[in-house]
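Here the structure is laid out as structure tokens; the discussion comes afterwards.
Read-outs: derived from the displayed coordinates by stated rules, not from any lab. Note that the coordinates shown come from a computational prediction; the quantities given were computed from them, not determined experimentally. Counting neighbours? That spans all protein chains shown, and the Cβs are built from the backbone with ideal geometry, glycine included.
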Amino acid sequence: MENLVLSLSSLGTIARHIDKIKRVAHVMSPQIWSQQDRQCILDCLAQLLLEKDYTLLIARHLRPLTLDLLERNAERVKAGGSINHDLHERLCVALSKLLSISPDAQTFGARYFDNAPPVFQRLFFTSEESSAVQYGPRRMKLRDLMGATLRFLQSDCAKFRMLWDWSPCMSLLLTSDVMVRWYTAHCLALVSHMTDNQKTIFLRKVLTSDEILHMKMKGLEETQQLEFEKALVLANQGYVTWCQEKANKFTRGQVVSEDLSQNVVAVCGVVLPRIVPRQPEQVGNLCDISDLVLVDSTCRNLRRLALAVASQKPVLLEGPIGCGKTALVEFMAAVTGHAKTTEILKVQLGDQTDSKVRDIKGKNMLFLMVL
């Protein structure tokens, strides 16, 4: 069994910055964590991720678990078959802050918005609909939402430009909030493919020279803070580690694979999205095709493959015929929910193509496999 180990020093560091985590202090104190204790801690961390002041702190210290925490919040947003717009807005703002430091956030966002409303959904509400929405005490401000919208556009303009209806944003150009006008103007400039000269002229029509200068200075500060955060993320890589255990020896500070959200799966310490939650009747079939003896070399190769999948990068598996290349890919397909033949693409490449990859022509017969 694979265990994800949450370092106690990591949780202690988070606790020193956040008073709210003290509400689970009684859970962290026992020598042995029960399943209920572990779920309580993960749910608490998922809620803290939505606090805009703590989003980067949580992601910095618990980077490998970011995808699991995002999935937990997505389940809360859509619980009961309807959208909780308060949680949706908070999730959007938190997610936008993670786009530049977490590949998991990018892949999660692409999937989440396929079935979720836009960040600025409140602009579409009528007065009656708006009054019916129950917001919490920390309701997101419009400047937070438009700032998040701009970050989503900057990350993938082609996708979000076509995905959302931008017409309600036009009215925001007349608001008294300088930051809302600034973010909105930049969003509309990206959506309409303005040139730099056109954008400059457009900004001068909706903001004064002093306002433009102030927002440019603020933008530079945000850029510096983002670069600093990227460095901190790299410096905290050891806070969450993983280990392989044959027996259930759970102690304080450990979270096991079964504790993760049903929409993710841990593969040698790398948390990956799972497109189809594993159903009870499917478990046997998955085990039949994915049973591997996880010796050290297999774990190393699986981890490398999992990192490539998490980064959405192509990877070349190299080795003699029969060494297990196909088995690794099929294992990865099975555990991530690509169990059907329609969910994994296999293309056999001939020796002419192989010779362009290998120095020795015909040494390997390659399979192109796409999850």
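Of note:
- Amide H contacts under 5 Å for residue 255: 4, 5, 6, restricted to partners 5 or more places along the chain or on a different chain, H placed in the peptide plane at 1.01 Å from N.
- Simple spin-label estimate for residue 226 and residue 51 gives 2.5 nm between the two label positions (7 Å along the Cα-to-Cβ direction from each Cα).
- Taken as Cα centroids, segment 46-66 and segment 161-211 sit 30 Å apart, rounded to the nearest whole angstrom.
- Placing a label point 7 Å from the Cα of residue 83 along the Cα-to-Cβ direction, the residues of segment 130-154 whose backbone N falls under 17 Å of that point are 130-136, 140-142, 145-150, 152-153.
- Fully extended contour minus Cα-Cα distance, from residue 139 to residue 34, at 0.36 nm per residue: 34.4 nm
- For residue 265, distant residues with modelled amide H under 5 Å away: 272, 274
- Length added when fully stretched, residue 16-residue 300, from 0.36 nm per residue minus Cα-Cα: 98.7 nm
- Efficiency of FRET from Cβ geometry, residue 318 and residue 192, R₀ 51 Å, rounded to 0.05: 0.65
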